Every structure is written in C-alpha cells, then in structure tokens.
Amino acid sequence: MPPAGGYRFPLMTVYETTNHNTIYHWATSRGLWPASVAGEPTKIRLGGDPDANLGEELTPIEWWRWFQEFDRRNLQLIYDPSKGWFTLGSRLAPSGS
C-alpha cells in the first residue's frame with residue numbers, strides 16, 4: 001500500500017495534488033512560473049525548468065488564469081518533491097493505485 005498522498009517508485013516518491021496553494025508554493029520555491037504555449041492559451045505549462053517544455057515558446061500568465069485552465073481541464077500536478085521532477089496529468093486518468 002502506498003504512503004498517504006504518494007506512490008513509491010524505485011528511488012522516487014511521487015505525489016499528486018490539485019491544491020492550488022500546494023502547487024503555487026511548490027512551483028515558486030523552485031523558480032517555476034505559470035505559462036501557456038505562445039498563441040495557445042489553453043495549453044498551460046510551468047515555465048522556468050530548462051529540462052521541460054523543450055521546443056515550446058512559453059508566455060507568462062497570471063496564476064489565477066493558470067489555475068482556471070488547470071481546473072477546467074481537470075488536471076493535477078504529479079511531482080517528486082525531493083528530485084524536482086513534475087508533470088501535469090489528468091485527474092481522470094488511472095493513477096496506478
């Protein structure tokens with residue numbers, strides 16, 4: 001059984017959250033910022049990670065607008081707090097539990 005709030009993978013503990021406050025604090029503490037793909041305001045991303053969003057031009061947006069799209073699309077943040085790894089995924093997709 002996975003620990004509360006997370007799943008254990010080899011050398012990685014992954015958490016899932018939809019909590020805006022948790023996402024905001026996790027992202028800003030790592031220098032990440034809310035963004036959308038240039039010209040496509042519904043394609044939201046977290047900017048500021050040089051290893052993510054390769055080949056995409058990002059436009060900074062306000063947090064409230066980012067969270068509005070995040071909720072409209074039923075997304076969740078899936079992340080490893082110790083390694084800085086993250087992705088956005090569907091709340092509707094099976095989580096492996």
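The values are calculated or read from the model by the stated rules, or taken from the named source; none is laboratory data. Every value quoted in this text rests on a predicted model; they were computed, and no experiment measured them. Every residue, glycine among them, receives a Cβ derived from its backbone with ideal geometry; neighbour counts consider all protein chains shown.
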- Message: Suppose the filter is modelled with pLDDT of 95 or more, acidic (Asp, Glu) and either surrounded by 11 or more Cβ atoms within 10 Å (Cβ to Cβ) or in a strand (DSSP E or B) (or both); does Glu69 pass it?
- Response: yes
- Please enumerate the residues belonging to the range 13-59 that are under 10 Å from the mean Cα position of the chain (by Cα) and of a type in the set (Asp, Glu). Glu16
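Residues are listed down the side, and each one gets a yes or a no for (1) at pLDDT 95 or above; (2) assigned to a loop (DSSP other than H, G, I, E, B); (3) touching a Pro at 6+ places or on another chain (Cβ under 6 Å):
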| position | (1), (2), (3) |
| --- | --- |
| Pro2 | no, yes, no |
| Tyr7 | no, no, no |
| Val14 | no, no, no |
| Thr22 | yes, no, no |
| His25 | yes, no, no |
| Thr28 | yes, no, no |
| Ala35 | yes, no, yes |
| Pro41 | no, no, no |
| Ile44 | yes, no, no |
- First in the range 49-74 and on the phi > 0 side of the Ramachandran plot, second anywhere and surrounded by fewer than 11 Cβ atoms within 10 Å (Cβ to Cβ), Cβ under 9 Å, 6 or more apart: Asn74/Leu92
- Task: Could you please tell me which pairs satisfy a Cβ distance under 9 Å, a separation of 6+ or placement on different chains, a first residue in the range 19-38 that is on the phi > 0 side of the Ramachandran plot, and a second residue that is of a type in the set (Gly, Ala, Ser) and surrounded by 17 or more Cβ atoms within 10 Å (Cβ to Cβ)?
- Result: Gly31/Gly48
- Query: Do you know which residues across the range 14-39 are out of contact with any Asp or Glu (no Cβ under 6 Å at 6 or more places or on another chain) and surrounded by fewer than 13 Cβ atoms within 10 Å (Cβ to Cβ)?
  - Reply: Asn19, Asn21, His25, Ser29, Gly31, Gly39
